[in-house]
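These notes are about the structure you will find just below.
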Amino acid sequence: MKKDVTQTHLLDRSLVNKDSDIVWAVGSVDEANAFIGLAKIHAKDEMVKETLAFIQRKMFKAGMEIVSKENVFSDEDFDEMMNIIKKFEKVVEKPKKFIILEKDEATANLSVARAVVRRAERWCVRLYKKGLVSKPFVEWMNKLSYLIYLMILKESGGEFEYV
């Protein structure tokens with residue numbers, strides 16, 4: 001019997017169409033994780049590099065939340081994210097107006113990672129509205145793009161090109 005190449009299995013072995021919201025979401029999270037890895041390779045700042053390595057591991061948990069149909073993320077995960085954000089907010093200068101984020105290879109890779117994370121977040125919001133993922137997970141994804149923004153500022157060393 002031929003396999004239906006338009007479908008794929010979730011963790012529980014149930015079949016879903018490859019163009020389903022679940023597959024789009026997990027694919028977007030996977031893509032975001034790849035760009036986070038690329039940003040990690042090019043990061044010069046050690047705090048940024050270590051945080052990206054941590055986030056990469058968490059992104060596998062994000063994928064698990066999507067494909068397992070279980071609430072894997074908790075309020076503790078969100079609190080952990082907020083603590084990391086607070087650490088970055090203490091060491092970066094936030095610009096008072098719009099800036100060009102990309103000043104070199106490291107900041108450009110972080111900027112792409114941030115944009116892809118935001119797309120993945122939109123897919124996760126869609127799943128949340130269908131009751132397929134938890135609120136702490138969607139909140140965590142939302143804060144991830146802000147954290148990457150802070151990492152761009154840290155990697156920039158306070159040198160901004162204002163628009």
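Please treat every number below as a calculation from the coordinates, not as lab data. Predicted model, so just to flag it, every value in this text is computed and none were measured. Glycine also receives a Cβ, built like all others from the backbone with ideal geometry; neighbour counts cover every protein chain displayed.
Counting other C-beta atoms within 10 Å, and keeping those with at most 16, which DSSP coil chymotrypsin sites (Phe, Trp or Tyr not before Pro) do you find in the range 67-163?
Here the sparse-neighbourhood loop sites are 98.
Which of 40/96; 97/143; 58/96 have a Cα-Cα distance over 23 Å?
Exceeds cut-off: 40/96; 58/96.
Over the chain, calculate the relative contact order: mean separation of alpha carbon pairs under 8 Å at least 6 apart, over the residue count, as a percent.
31
Could you work out Rg/(2.2 N^0.38 Å) for the chain, with Rg from alpha carbons only? Before the final figure, lay out each step's value.
Values: Rg = 17.0 Å, N = 163, 2.2 N^0.38 = 15.2 Å.
Cα Rg divided by the expected 2.2 N^0.38 Å: 1.11.
Divide by every residue of the chain the summed helix terms, -39500 (n - 2.57) for each DSSP H run of at least 4, and state the resulting mean residue ellipticity at 222 nm, rounded to the nearest 500 deg cm²/dmol.
-23500 deg cm²/dmol
Using only Cα atoms, locate the centre of the range 125-163 and the centre of the range 86-117, then give the distance between them in Å, rounded to an integer.
Between the Cα centre of the range 125-163 and that of the range 86-117, the gap is 11 Å.
On a full-extension model of 0.36 nm per residue, what is the gain between residue 130 and residue 90, subtracting their alpha-carbon distance, rounded to one decimal in nm?
Working: separation 40, 0.36 × 40 = 14.40 nm, distance 3.70 nm.
Using 0.36 nm per residue and subtracting the Cα-Cα distance, I get 10.7 nm.
As a footprinting exposure proxy, order 138, 133, 16 by other Cβ within 10 Å, with the fewest listed first. Intermediate results must be reported in sequence, preceding the final value.
Working: 138 20, 133 27, 16 15.
By the 10 Å Cβ count, ascending: 16, 138, 133.
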